[in-house]
1. Can you give the extra length, in nm with one decimal, that the chain gains between residue 88 and residue 116 once fully stretched, where that is 0.36 nm per residue apart less the Cα-Cα distance?
2. Give me the number: length gained by fully extending residue 7 to residue 25, i.e. 0.36 nm times residue separation minus the C-alpha to C-alpha distance, one decimal in nm.
3. Once you keep just the Cα pairs under 8 angstrom separated by 6 or more residues, what percentage relative contact order results for segment 21-90?
4. Testing the spin-label approximation: label points 7 Å from Cα along Cα→Cβ at residue 46 and residue 61. State their distance in nm.
5. Could you work out how far the C-alpha centroid of segment 64-116 sits from that of segment 34-61, in angstrom?
6. Ranking request for peptides 38-44, 7-13, 72-78: highest mean number of other beta-carbon atoms within 10 Å first, then the rest in descending order.
7. Can you compute the modelled spin-label distance between residue 17 and residue 39, with each label point 7 Å from Cα toward Cβ, in nm?
Amino acid sequence: QVQLVESGGGLVQPGGSLRLSCSASLSIFRVYRMGWYRQAPGKQRELVATISHAFSTTYSDSAKGRFTISRDNAKNTVYLQMNSLKPEDTAVYYCNAWLDVNNDYWGQGTQVTVSS
C-alpha cells in the first residue's frame, strides 16, 4: 500500500513562509516525478510545482519566484518551500507521485491558510 503523507501546513500571515513536506512509502521513490497541487474552495485542483527523477522542475505562473520544490531521495521526501505567501495561496495542498497511469498516487492533503 503506497502512502504519501503531507505535513507542514498551517496558518500564516501574508508575506510569511511555510515549508511543506511529503513522505512517500515508495520502494523506488527516485524514479517518480513528484508534484505539489492545490485546491481552493470552489475551485479545481491545480498544479503548483513538479520535480522529475532528474531534478528538473516546473512551476505554475503563480508559484514562480516564490515557491521552490525539492526532493531528497535518501529520505523519500519531497518539499515545497513557500515564501511571500498571499491570501490567494490559501488551499489544501496535495502531494502527487507519478510514474505512469498505473502508478499515480496522492496524499490526503494539508491545509494552508494565509490570513492576517
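Since every read-out is calculated from the coordinates, none of them should be taken as a lab result. Nothing here was measured: the structure is a model prediction, and the numbers come from that model. Don't worry about glycine lacking a Cβ; one is built from the backbone with ideal geometry, like all the others, and counts go over all protein chains shown.
1. Details: separation 28, 0.36 × 28 = 10.08 nm, distance 1.25 nm.
Gain on extension, residue 88 to residue 116, equals 8.8 nm.
2. Values: separation 18, 0.36 × 18 = 6.48 nm, distance 1.45 nm.
Going from the current span to full extension adds 5.0 nm.
3. Working: 103 pairs, mean separation 21.4, N = 70.
Normalised by residue count, the contact order of segment 21-90 is 31 percent.
4. Here the answer is 0.9 nm between the modelled labels.
5. 7
6. Details: 38-44: 11.4, 7-13: 14.4, 72-78: 16.3.
Highest mean packing first, the order is 72-78, 7-13, 38-44.
7. Modelled inter-label distance: 3.0 nm.
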